[in-house]
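Data block below; observations after.
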Amino acid sequence: MSQRPVGRLILLPILSMATIPMLVSAHVDPTKFTPSAFVEKPAVVECNLEDGSSAQCYKFTVAYQPEGLEIGPFCPSNIDEKGGIWDWDGEKAGLYRLDRDFFEMLADQGYRFYDKDGRIVISDPGSGQPPEADHTCLMATPDKDVTITMLLPIEPRMAEKALSLGTVAKVGVALDGVPIFADAPSVLDTGHLPALDVCGGHIDPGGWYHWHATSTDIATVEKTEGVAVNCALAQDATAAFGFAFDGFPMFGSLEADGSKPEGLDKCHGHMGETRLGKTYHYHASTEFPNLPTCLSGVVAENNFSTTSSTGIGSQGNARRGPGQGMPPGFEEAAQILGVSTEDLMNALKGNGQRPNIAAAAEKLGVTEKALRSALPQPPQHAR
């Protein structure tokens with residue numbers, strides 16, 4: 001069975017700015033967003049980029065979910081209903097609708113998500129309680145009070161090396177204000193299925209909605225994968241979807257004139273004319289997940305935070321000083337495992353200096369391999 005990368009950032013070689021002398025950058029433009037996307041007027045702030053340089057960033061604050069956005073379905077209540085979708089990466093890999101055929105296929109492979117009466121076992125990853133069963137369909141509860149703040153460089157800069165996007169890594173923000181994240185955690189790693197709706201999104205344990213796909217071009221993916229679903233969003237393979245966290249725009253799988261993009265790099269981006277001007281930009285792929293696999297530009301430090309008490313970017317996980325708060329990478333690990341950050345930290349606490357991984361995995365209801373894979377690697381010390 002195939003394994004997905006864990007949510008860590010890896011540096012990959014890419015063309016530097018110096019190698020693209022004719023680059024003209026279409027800067028991040030708040031006027032391109034849906035007027036109702038923001039709960040506060042976008043502000044220009046000073047920010048630090050991850051290459052050590054300083055810049056100006058737009059500060060965007062959005063709600064837990066755009067007003068009027070139709071989301072769902074996610075987990076069906078039983079195997080005779082149709083839920084959302086899932087990109088299965090085990091035997092018979094591919095994009096599937098969450099229905100009887102899919103769940104019976106998983107059961108044949110040792111992943112049974114329903115009881116003897118055909119009812120789907122559902123758990124809420126934001127409840128603070130680990131799943132009681134070995135295999136559950138994850139469906140978080142929305143929190144209408146949560147807001148999300150994001151920082152995007154106003155003037156994008158190409159990086160010396162591309163930033164790889166592993167599981168649940170931050171990709172960008174859509175034009176309606178919905179955050180965009182990389183591939184969702186694999187069932188093979190956690191045993192649990194964080195169901196996506198028919199537009200490729202779901203609710204974070206922190207209570208806010210986000211996408212794991214270019215949802216305005218998901219019809220192209222469905223056609224390629226042979227899955228019939230009906231995303232309520234208007235579909236346009238040539239349209240702008242949003243801006244990546246490095247400030248470069250993201251488009252559907254086709255150019256503005258309807259042609260297929262040429263000369264795409266490893267991040268699925270290239271230089272060219274767009275509806276936003278001449279700039280480096282990303283294109284959606286035709287297979288799921290149809291997002292960039294890496295970012296070619298430099299992102300801002302601390303570019304994502306929420307008012308939630310749990311989940312990625314939550315205030316409760318902010319480091320409060322040396323030896324206090326949430327260690328770096330633990331938010332992402334909790335998201336990958338489908339548990340709360342509090343449960344992850346509590347499970348890893350022990351009497352000794354080193355946690356008992358096997359005991360912690362049992363307490364969390366995940367495999368020891370999944371826990372080790374999700375946890376951030378310790379820093380390498382010079383000898």
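Every number in this text was worked out from the coordinates using simple rules, so none of it is lab data. On a predicted model such as this, the values are computed, not experimentally measured, just so you know. Don't worry about glycine lacking a Cβ; one is built from the backbone with ideal geometry, like all the others, and counts go over all protein chains shown.
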Under 5 Å between amide hydrogens, which residues at least 5 positions from GLY311 or on another chain qualify, with H placed 1.01 Å from N in the peptide plane? THR341
Listed by chain and number, the residues whose amide H is under 5 Å from that of ILE154, excluding neighbours fewer than 5 places away on the same chain and using placed H, are GLN56, CYS57, TYR58
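For SER340, SER296, what ranking results if the residue with the fewest other Cβ atoms within 10 Å of its Cβ goes first?
SER340, SER296
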Show the residues, 5+ positions off or on another chain, whose built amide H is closer than 5 Å to the amide H of ALA162. LEU12, ILE14
Fewest-first sequence of HIS210, HIS268 by Cβ atoms within 10 Å of each Cβ: HIS268, HIS210
Most exposed first by the Cβ proxy, i.e. fewest other Cβ within 10 Å, how do ASP257, ASP246, ASP101, ASP89 rank? ASP257, ASP101, ASP89, ASP246
Using only the alpha carbon atoms of segment 52-202, find the Kirkwood hydrodynamic radius as the inverse mean reciprocal pair distance, in angstroms to one decimal. 17.5
Segment 85-138: radius of gyration and largest Cα-Cα distance (Dmax), Å: 11.6, 33
If you take all C-alpha pairs in segment 116-211, what percent of them are over 20 Å apart? 47
Along segment 207-221, Karplus-curve 3J(HN,Hα) (6.51, -1.76, 1.60; θ = phi - 60°) to the nearest Hz, with x for Gly and Pro, reads x, 10, 8, 8, 10, 10, 7, 7, 5, 7, 9, 6, 4, 4, 5
Site ASN48, offset 7 angstrom along Cα→Cβ, radius 17 Å on amide nitrogen, limited to segment 146-168, gives 151-153
Cα→Cβ-extended label distance, 7 Å offset, between ALA107 and GLN129, nm: 2.5
Is there a pair in LYS170/LYS278; LYS144/LYS260; LYS92/LYS116; LYS170/LYS223; LYS92/LYS223 whose C-alpha atoms are over 28 Å apart, and which pairs would that be? LYS144/LYS260
